[in-house]
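Encoded as C-alpha cells, the structure appears first; notes follow it.
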Amino acid sequence: MDKELIDPTLVTEEDIAYMRRAMELARSAEEIDEVPVGAIVVRDGRIIAEAYNTRETSKCATHHAEILAIEEACRALGGWRLIGATLYVTMEPCPMCAGAIINARLPRIVYGTKDIRFGAFGSLIDLAAVPLNHKPVVVGGVLGDECREMLTQYFKKKR
C-alpha cells in the first residue's frame, strides 16, 4: 500500500485488481500521447465501463477518463444514477470530475495518486466535505506509488 492511502481498512484485493486494470488503460492513453490516466466503473463485481484520457486527441476539455467512464456507465445501465457502482481512477479527480461523480451518485471512489494541483477529494479541495446531498466514500493511494511513477515518467519525456 501507499503512504498516502486515506484508509487502508477500506481497501480490498478486488480494489487492487481493478486499479491494475485502470493502470492498463492509463498506459493506452500514454501510447497516444495523452496524460496517462485510466478509469473504470464496476458494479456487482463486473466492469461496466472503462476509459482513458482523450482530451488532446478529441480536442475536448471534458474528455477526462472519469467523465468518459461515467458517460459509458450511464449508457450501459440506462440511467444517470450509478448507485451501487465504484469508480476506480489512477489519479485523484479534478473538480469537474468530482462534480460528475457526485452528480452520478457514485457511492465509492478509489484513486491511485494524489493530484496536488487539481485534486478535488482532499489534495487541493475536498468536494466530498461540502454539504451536498451526496457524499461518496473516497479511498486514495491504492497503487499510488505506481500510478504516480507512470505520470512522472510521462511528464519527464514531455520535457
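The values are calculated or read from the model by the stated rules, or taken from the named source; none is laboratory data. The model shown is predicted, which means the values in this text are computed figures rather than measured ones. All Cβ positions, glycine included, derive from the backbone under ideal geometry; neighbour counts span all protein chains shown. Surface areas here come from the heavy atoms of the whole protein model, side chains and all, with no ligands, DNA or RNA. Shrake-Rupley method; radii C 1.70, N 1.55, O 1.52, S 1.80 Å.
Quick notes
- Considering residues of segment 1-23 that are modelled with pLDDT of 95 or more and open to solvent by 50 Å² or more (accessible area, probe 1.4 Å) only, the residue farthest from Lys158 (Cα to Cα): Glu14
- Selection of segment 122-143 for residues being over 13 Å from Val89 (Cβ atoms), part of a strand (DSSP E or B) and not charged (D, E, K, R) yields only Val137.
- Positions within segment 49-96 being part of a strand (DSSP E or B) and closer than 16 Å to Arg20 by Cα, in sequence order: Ala49, Glu50, Ala51, Tyr52, Thr86, Leu87, Tyr88, Val89, Thr90, Met91
- Within segment 58-104, the set of residues being touching a Lys or Arg at 6+ places or on another chain (Cβ under 6 Å), touching a residue at least 24 places away in the same chain (Cβ under 8 Å) and over 18 Å from Gly45 (Cα atoms) comprises Glu92 only.
- Filtering segment 55-73 to residues that are buried (at least 17 other Cβ atoms within 10 Å of the Cβ) and over 17 Å from His134 (Cα atoms) leaves Arg55, His63, His64, Ala65, Glu66, Ile67, Leu68, Ala69, Glu71, Glu72, Ala73.
- Pair list, Cβ < 8 Å and 6+ apart or interchain, from segment 107-136 residues that are surrounded by fewer than 18 Cβ atoms within 10 Å (Cβ to Cβ) to residues that are of a type in the set (Phe, Trp, Tyr) and assigned to a loop (DSSP other than H, G, I, E, B): Leu124/Phe118
- Of the residues in segment 30-48, at least one is open to solvent by 10 Å² or more (accessible area, probe 1.4 Å), in a helix (DSSP H, G or I) and touching a residue at least 24 places away in the same chain (Cβ under 8 Å).
- Per the conditions (1) at pLDDT below 95; (2) open to solvent by less than 60 Å² (accessible area, probe 1.4 Å); (3) closer than 20 Å to Glu24 by Cα, the sole criterion not satisfied by Lys157 is (2).
- Exactly one residue out of Ala76, Ala26, Ala85 is buried (at least 20 other Cβ atoms within 10 Å of the Cβ), over 17 Å from Val137 (Cβ atoms) and not polar (S, T, N, Q), and it is Ala26.
- Residue that is farthest from Val41 (Cα to Cα), among those in segment 105-119 that are hydrophobic (A, V, I, L, M, F, W, C), outside any strand (DSSP E or B) and touching a Pro at 6+ places or on another chain (Cβ under 8 Å): Phe118
- So Ala22, is it within 10 Å of the chain's Cα centre (by Cα), assigned to a strand (DSSP E or B) and touching a residue at least 12 places away in the same chain (Cβ under 8 Å): no
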